[in-house]
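The values are calculated or read from the model by the stated rules, or taken from the named source; none is laboratory data. Because the structure is predicted, anything quoted here is derived from the model rather than measured. Virtual Cβ from ideal backbone geometry, glycine too; neighbours counted across all protein chains shown. Each accessible area value is taken on the protein alone, full model and side chains, heavy atoms only, with ligands, DNA and RNA left out. Shrake-Rupley method; radii C 1.70, N 1.55, O 1.52, S 1.80 Å.
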Amino acid sequence: MKSTSSIRRIDDLGRIVIPKEIRESLKLLTGSSVDVKQKGKEVVITKHSGVKNIASIAKMCVDCFEDFGSIYVFVCDMNEIIASNKKCRELKKNIPVDLYKCLQNGTIIILQDASTIKFGETKFASQAIFPISIFSEPSGGLVVMSKSYMQNFDFAKTIHKFLINYLNLT
């Protein structure tokens, strides 16, 4: 991970501008949320991930898919997988750029055969991407994948709806 620093002035309203290079690197878009914390004499700004706040609930949800055979299921924020079933252990933790773009789109997407998103060398015949938004901001998603063709993703729609409802209550 590349380290970047710069000196910025605070304006009359207490605002600072985060350099463009850092915003692009962290995928901080206009309207993105950040956490601002004080650690001793330092101010620490981190990209906020509402989806990470539900990691334990998400893990319980994806664990329900262990008996579904060859189905890969994970919940991610906009950068990385935060909860997954055992099948996903072979996948890289960081999400592919194509998945990031689908999550930004904000609509449920079902992909079959040649149009599926690549996860390294692992190829999938079916994928369903269920974006999760918090306060209308893309925040992550539930992803279901299979190496064999799948037609019905109703079980995943139920988990997706549960996660969104849970996030809206917290």
Where a residue in the stretch 14-42 is without any contact (Cβ under 8 Å) to a residue 24 or more places away in the chain and open to solvent by less than 90 Å² (accessible area, probe 1.4 Å) and its partner, wherever it lies, is assigned to a loop (DSSP other than H, G, I, E, B) and among the small types (Gly, Ala, Ser), with Cβ under 7 Å and at least six apart = Pro19/Ser6
Where a residue in the stretch 61-83 is of a type in the set (Ser, Thr, Tyr) and its partner, wherever it lies, is open to solvent by less than 50 Å² (accessible area, probe 1.4 Å), with Cβ under 6 Å and at least six apart | Ser70/Ser146; Tyr72/Cys88; Tyr72/Met145
The stretch 61-114 - residue that is modelled with pLDDT of 85 or more and of a type in the set (Phe, Trp, Tyr) and, of those, farthest from Ile134 (Cα to Cα) = Tyr72
May I ask you to verify whether Thr158 is modelled with pLDDT of 85 or more and over 18 Å from Asp98 (Cα atoms)?
-> yes
